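The values are calculated or read from the model by the stated rules, or taken from the named source; none is laboratory data. Please read all numbers here as calculations on a predicted model, not as lab measurements. Virtual Cβ from ideal backbone geometry, glycine too; neighbours counted across all protein chains shown. Quick note on the areas: whole protein, heavy atoms, side chains included, nothing else; ligands and nucleic acids left out. Shrake-Rupley method; radii C 1.70, N 1.55, O 1.52, S 1.80 Å.
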Amino acid sequence: MDYQFSNDVSADTKDKKEKKEPKVYDQKPTPAFISASWSALFIGMISYCIGLWNADMMLNEKGYYFTILLFGLFSAVSVQKSVRDRLEGIPVTEIYYGISWFTTLSSILLLIIGLWNADLELSEKGFYGMSFTLSLFAAIAVQKNTRDKKYIDDRGE
């Protein structure tokens, strides 16, 4: 059998491959996803703070862990915004992009170091780690939903 393969690719196909059109974000987040994101954020933050309130540790230790929560939340939202801006073609300086990643990773590392050295039960350490992780993830989801909703609402006007 004589098989012939053609390497001819039409000019139209080449043009389509070379020109990537920017993605259009036109899917508004559902109310259920928005509610779930906000709920996860509040559950994570409130659980973490209740754990701190009831913890048998000095006030300066409680302040350390509370500050790490706030630092982590702000940093995670900053990373999400920077990544999304880049995807949408909005200029983001390399220094801001790098700092936002650095601060997010630093907050996680500081929590790990603090919990590693804390005189807490292993279950308490796990509780703080999980509520912190839930809070960071939820903050990113809330930021994404807020941005998507505003973008789509602004396009409709």
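Values for this structure:
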quantity	calculated
Residue list for region 129-146, filter: open to solvent by less than 40 Å² (accessible area, probe 1.4 Å) and either part of a loop (DSSP other than H, G, I, E, B) or in contact with a Leu (Cβ under 9 Å, 6 or more places away or on another chain) (or both)	Gly129, Ser131, Phe132, Ser135, Leu136, Ala138, Ala139, Ala141, Val142
Ile50 part of a helix (DSSP H, G or I) and more than 16 Å from Thr133 (Cβ to Cβ)	yes
Residue in region 121-140 that is touching a Lys or Arg at 6+ places or on another chain (Cβ under 9 Å), at pLDDT below 95 and closer than 27 Å to Asn54 by Cβ present	no
Subset of region 37-51 [aliphatic (A, V, I, L, M) and free of Cβ contacts under 8 Å to residues at least 40 places away in the same chain]	Ile46, Ile50
Region 136-157 residues that are without any contact (Cβ under 8 Å) to a residue 24 or more places away in the chain and closer than 15 Å to Glu88 by Cα, paired with ones that are among the basic types (Lys, Arg) and surrounded by 13 or more Cβ atoms within 10 Å (Cβ to Cβ) (beta carbon under 8 Å, 6 or more apart)	none
Candidate set from region 66-83 (those that are farther than 22 Å from Asn54 by Cα and surrounded by fewer than 18 Cβ atoms within 10 Å (Cβ to Cβ)); member that is modelled with the highest pLDDT	Phe74
Residues located in region 107-128, provided they are loosely packed, with under 15 Cβ neighbours inside 10 Å and assigned to a helix (DSSP H, G or I)	Leu109, Ile112, Ile113, Trp116, Asn117, Leu122, Ser123, Gly126
Matching residues in region 87-106 - criterion: being open to solvent by less than 90 Å² (accessible area, probe 1.4 Å) and either more than 19 Å from the chain's Cα centre (by Cα) or of a type outside the set (Asp, Glu) (or both)	Gly89, Ile90, Val92, Thr93, Tyr97, Gly98, Ile99, Ser100, Thr103, Thr104, Ser106
Some residue of region 75-83 being touching an Asp or Glu at 6+ places or on another chain (Cβ under 9 Å) and either touching a residue at least 24 places away in the same chain (Cβ under 8 Å) or acidic (Asp, Glu) (or both)	no
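Residue by residue, here is whether (1) on the phi < 0 side of the Ramachandran plot; (2) under 14 Å from the mean Cα position of the chain (by Cα); (3) not aliphatic (A, V, I, L, M) holds:
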{"residue": "Ser35", "(1), (2), (3)": "yes, no, yes"}
{"residue": "Gly51", "(1), (2), (3)": "yes, no, yes"}
{"residue": "Asn60", "(1), (2), (3)": "yes, no, yes"}
{"residue": "Phe66", "(1), (2), (3)": "yes, no, yes"}
{"residue": "Leu73", "(1), (2), (3)": "yes, yes, no"}
{"residue": "Ser78", "(1), (2), (3)": "yes, yes, yes"}
